[in-house]
Amino acid sequence: MAQADPSQSTGSDTGTNPAEDFGLFKVDLADHLNDSTIQRLSILLGLKPGEIDSIKRSKTPGLEMVNLLDERGFITATDIGDLLKMLRKLKLAGLAARIRSSFQTKTSQAKTSQDLEEKKRDLIKYSKTAYRKHYETAKPFPSMSKCSVNSIFVEGGIYYLAQEGDSMQKPDVLEPLESYNDILSSPKTKSMRKIIEADPGFGKSTLVSQLVYDWCTEDPKSPLKDVEILIFLQLRQLEGVKSVYTAIKHAIVPEDEDMDESCIQEILKAYKKSVVMLFDSYDEYPDQKTKTHISSIIEMKMFLDILVIILTRTLILPPNLHPDTKRIRLTGFGEAERRNYVLKAVADDVQLADRIERELQRNPFLSDLCQVPLFSTMVAHIVHERPEIEIFSTVTRFFTYVIECVHNHMKIKKDANTGVPAFETELAKLYRIAFDGLTQTNQQLSWEKTYLVSELGQEFYDNYINLGMLAQEVVFDIPKGRYKTVARIWHKIICEFYASRHLVWILSEGASSAASSINVKETLNSINPLDLQYVYRFACGLNKSAADIIIKHLQKTEEGRQFSILCMLEQEEKSDQFQQSVKDLVSSDIIITSMEAKLLQRSTIQVLEVASAKQIPISCVYLYFCSPRVDESGLNLILQSGLSLSILSSLQKLLIFDNNRRLTNEELAAILSYSSQCTSLKELRFLGYDLPEAIPVGSIPSSLKSRNVKVWSVMITYVYRRLNLQTGHWQVKRFFTFHSAISYNASLVSLFALCCPSTVFSHQLV
């Protein structure tokens with residue numbers, strides 16, 4: 001990156017005398033020093049009582065103190081830093097700022113290029129020191145020792161949004177990036193504003209830590225090697241902070257160093273061409289709805305020439321994004337990435353990597369779950385310590401197991417009389433704290449140590465810090481002007497697990513007294529499933545009666561209906577209520593889309609298979625951009641994700657939607673054969689397909705003919721054709737026209753909306 005020229009004119013350029021200017025400053029400084037300040041400075045300087053009395057008796061005590069400071073070198077014609085430090089030590093920061101301003105105004109010794117260069121070097125030094133404690137304290141599993149992020153970082157899938165879709169009707173168009181370095185260097189992602197987005201557990205924080213590590217260690221392979229200044233801010237720590245310069249000072253500059261906000265502003269302005277800013281955890285930023293420097297920077301109303309990268313959860317994007325903003329999405333781990341992680345971060349042991357893959361092959365649900373890097377790393381470390389792990393069928397059971405594994409590293413004391421864990425009461429309090437924090441308007445994910453100790457007790461707090469379930473850090477409370485120790489639950493998904501236990505308590509029969517005073521509907525309305533999906537899912541897996549209430553609540557909305565699939569499948573015992581929920585769900589359209597995570601696709605398929613096995617009528621299944629093909633057995637539709645949809649005997653309508661995909665006679669015949677085995681099928685539709693003009697009559701199953709199943713082809717030109725099952729030819733039934741100026745994609749979307757006006761897609765859930 002090009003470096004700005006920060007050179008400015010010196011005193012000799014102005015024609016003024018530096019000595020005279022310094023004299024003027026000394027006179028002004030004397031006026032700033034009152035009797036109280038002089039007394040406090042005298043004590044701090046260690047003056048003898050006689051020296052202090054001499055200054056007091058002087059007709060100009062302020063000037064006497066200034067001359068003393070000059071004689072002892074605390075102020076010079078070019079530097080008053082030592083005096084400013086003393087004033088701050090005396091808690092006179094306001095006076096220090098005024099004196100600094102006076103010095104800059106009265107003297108002709110404005111910063112030269114060399115002075116500013118030195119300040120820049122100081123800021124870089126402070127940054128690298130501050131960042132080191134961040135990237136050297138990675139913790140992939142709670143009970144593990146801290147380690148450098150570079151020893152555990154493995155790249156997962158990284159894509160940029162070549163074309164942003166409409167989540168209600170069409171998917172985003174994603175194109176892959178070869179490496180995380182392409183986020184900064186690829187022409188495809190060229191922009192001064194970039195957003196890295198992902199669902200919970202997909203490695204946003206690990207990625208940003210690796211970028212910080214690359215800059216601090218000056219990795220020659222990194223695009224950051226040419227960046228002089230990297231500003232890394234964790235937005236979750238900036239509640240009430242309107243100035244980015246204030247945020248930088250307290251996040252980076254040591255407390256005892258003389259670099260204030262105006263100096264930081266000057267450095268960034270002078271070297272803006274070689275500055276990159278990383279804003280982590282926008283989704284946890286407390287001031288999202290407040291006008292601050294952070295919002296202005298993101299919206300490109302500040303720092304137009306500075307590259308800014310924002311990390312956030314997929315569904316929580318900043319408002320008012322500049323049109324040039326590029327979006328990059330992390331999509332998780334496949335088998336190769338899982339293997340790379342094991343060999344790099346767990347043990348350089350090929351046999352271990354093979355054993356983990358065998359565990360996942362016998363545990364398909366867990367294999368899908370391991371698309372999420374956080375879950376994959378958990379599994380890797382658990383399998384490393386155990387010969388084998390359980391077969392899991394729910395996320396709830398998996399996380400219960402994970403937390404049990406963590407607790408096994410430290411025995412919790414038992415009460416000798418009752419045998420009840422000594423910390424049961426404290427855990428219930430932690431569950432409430434987690435729930436209250438997540439369901440606030442501005443989510444709270446960290447708490448002051450003093451508060452947690454007062455609520456949970458010192459013993460419990462210390463145990464949970466040692467377990468790694470609580471992570472402790474010292475931060476500067478900028479609005480209150482003090483440092484404080486705060487703790488946060490190790491990961492937000494763990495926080496959701498704890499919160500779900502409190503939700504179960506609210507909804508369960510055992511909390512009847514509380515339930516009478518708590519409006520259940522209001523409680524559930526405070527939990528957004530698109531942001532806090534695991535709170536719902538864990539609660540459904542933990543308690544059947546809570547699950548019944550939650551699922552009924554979710555099924556009142558279109559988005560909730562789709563999401564309720566995941567919640568239903570968290571119940572390990574499938575009750576009559578579960579079957580009724582399945583019946584209610586499949587009575588309306590079921591959608592499987594390429595936008596969904598593999599786990600949600602599998603869950604949807606499981607519900608369909610339950611309905612088919614129980615002969616519950618399935619109204620309609622839409623396969624949207626799934627590019628299905630029939631396997632060799634002819635009994636399964638293989639989706640683009642690799643998952644298969646078996647014969648659904650109670651399915652009544654099947655709709656397959658794709659983007660001008662061409663099918664051969666053989667491929668079409670295979671789909672017709674599969675459809676004929678869905679014995680309740682009444683209608684089959686192909687939307688947006690390029691199909692053969694005629695089909696050999698012999699390849700049309702006789703059961704389709706005998707049941708007179710309607711087979712439709714709906715083309716991009718809005719031609720509705722129905723297949724004549726007796727002749728194999730298409731017959732035009734309806735024809736619509738559209739304006740030639742409409743784009744192909746717009747036409748395709750309009751086509752889908754025309755054919756499926758009631759269809760609503762939910763957001764991606766993992």
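A few remarks follow.
- Entry remark, the range 275-292: residues being within 15 Å of PHE232 (Cα to Cα) and surrounded by fewer than 19 Cβ atoms within 10 Å (Cβ to Cβ) number 0 in total.
- Test: residue in the range 658-676 that is within 19 Å of VAL610 (Cα to Cα) and surrounded by fewer than 19 Cβ atoms within 10 Å (Cβ to Cβ): no
- Only residues that are at pLDDT 90 or above and at positive phi were counted in the range 481-514, giving 0.
- If only residues of the range 217-244 that are in contact with a helix residue (DSSP H, G or I) (Cβ under 7 Å, 6 or more places away or on another chain) and without any contact (Cβ under 8 Å) to a residue 40 or more places away in the chain are counted, the one that is surrounded by the fewest Cβ atoms within 10 Å (Cβ to Cβ) is GLU218.
- Residues of the range 427-469 satisfying the condition of being among the aromatic types (Phe, Trp, Tyr) and touching a His at 6+ places or on another chain (Cβ under 8 Å): TYR431, PHE435
- Candidates are the residues of the range 626-654 that are within 34 Å of the chain's Cα centre (by Cα) and among the aliphatic types (A, V, I, L, M); the one that is modelled with the lowest pLDDT is LEU643.
Listed here are the residues, each with its yes/no results for (1) in contact with a helix residue (DSSP H, G or I) (Cβ under 8 Å, 6 or more places away or on another chain); (2) surrounded by 15 or more Cβ atoms within 10 Å (Cβ to Cβ).
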| position | (1), (2) |
| --- | --- |
| SER545 | yes, no |
| ILE551 | yes, yes |
| GLN577 | yes, yes |
| ILE591 | yes, yes |
| SER594 | no, yes |
| SER612 | no, yes |
| TYR622 | no, yes |
| VAL630 | yes, yes |
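- Remark: pairs (first residue in the range 47-71, free of Cβ contacts under 8 Å to residues at least 60 places away in the same chain; second residue assigned to a loop (DSSP other than H, G, I, E, B); Cβ separation under 7 Å; 6+ apart in sequence or on different chains) = GLY62/LEU33; GLU64/SER58; MET65/LEU33; LEU69/ILE75.
- Within the range 250-261, being assigned to a helix (DSSP H, G or I) and either buried (at least 22 other Cβ atoms within 10 Å of the Cβ) or touching a residue at least 24 places away in the same chain (Cβ under 8 Å) (or both) holds for HIS250, ALA251, ILE252.
- Scanning the range 52-65 for residues that are part of a helix (DSSP H, G or I) and either hydroxyl-bearing (Ser, Thr, Tyr) or exposed (fewer than 14 other Cβ atoms within 10 Å of the Cβ) (or both) yields ASP53, SER54, LYS56, ARG57.
- ASP287 vs. criteria assigned to a loop (DSSP other than H, G, I, E, B) and either of a type in the set (A, V, I, L, M, F, W, C) or touching a Ser or Thr at 6+ places or on another chain (Cβ under 9 Å) (or both): yes
- Cβ-Cβ under 7 Å pairs, at least 6 apart or on other chains, the range 332-349 side in contact (Cβ under 8 Å) with a residue 24 or more places away in the chain and at positive phi, far side surrounded by 15 or more Cβ atoms within 10 Å (Cβ to Cβ) and hydrophobic (A, V, I, L, M, F, W, C): GLY332/PHE202; GLY332/VAL372
- Within the range 126-143, the set of residues being buried (at least 18 other Cβ atoms within 10 Å of the Cβ) and part of a helix (DSSP H, G or I) comprises TYR126, SER127, TYR131, HIS134, TYR135.
- Contact annotation: residue pairs with Cβ atoms under 7 Å, 6 or more positions apart or on different chains, pairing a residue in the range 279-306 that is farther than 26 Å from PRO200 by Cα with a partner that is in a helix (DSSP H, G or I) and hydroxyl-bearing (Ser, Thr, Tyr), are MET302/SER296.
- Being free of Cβ contacts under 8 Å to residues at least 60 places away in the same chain and part of a helix (DSSP H, G or I) is a property that ASP214 has.
- Once the range 300-334 is narrowed to residues that are polar (S, T, N, Q) and at pLDDT below 90, the residue that is nearest to the chain's Cα centre (by Cα) is THR314.
- Those residues of the range 709-746 which are at pLDDT below 60 and out of contact with any helix residue (DSSP H, G or I) (no Cβ under 9 Å at 6 or more places or on another chain), in sequence order: PHE735, THR737, HIS739, SER740, ALA741, SER743, TYR744, ASN745, ALA746
- Cβ-Cβ contacts under 7 Å between residues 6 or more apart (or on different chains), taken from a first residue in the range 355-373 that is in contact (Cβ under 8 Å) with a residue 40 or more places away in the chain and farther than 14 Å from ALA336 by Cα to a second residue that is assigned to a loop (DSSP other than H, G, I, E, B) and not hydrophobic (A, V, I, L, M, F, W, C), are listed as PHE365/SER393.
- In the set (1) farther than 26 Å from THR727 by Cα; (2) modelled with pLDDT of 90 or more, ASN659 fails one condition alone, (2).
- Checking the stated criteria, LEU123 turns out to be aliphatic (A, V, I, L, M), surrounded by 16 or more Cβ atoms within 10 Å (Cβ to Cβ) and either touching a Lys or Arg at 6+ places or on another chain (Cβ under 7 Å) or assigned by TED's automatic domain parsing to the domain that holds GLU266 (or both).
- Candidate set: the range 528-543, residues that are in contact with a Leu (Cβ under 7 Å, 6 or more places away or on another chain) and surrounded by fewer than 20 Cβ atoms within 10 Å (Cβ to Cβ); chosen: the one nearest to ASP283 (Cα to Cα): ASP531
- Considered as a group, the residues in the range 419-428 that are more than 10 Å from TYR498 (Cα to Cα) and either polar (S, T, N, Q) or assigned to a helix (DSSP H, G or I) (or both) include one that is modelled with the highest pLDDT, and that residue is GLU426.
The values are calculated or read from the model by the stated rules, or taken from the named source; none is laboratory data. Model, not experiment: these values are computed from the prediction. All Cβ positions, even for glycine, are placed from backbone atoms using ideal geometry, and neighbour counts span all protein chains on display.
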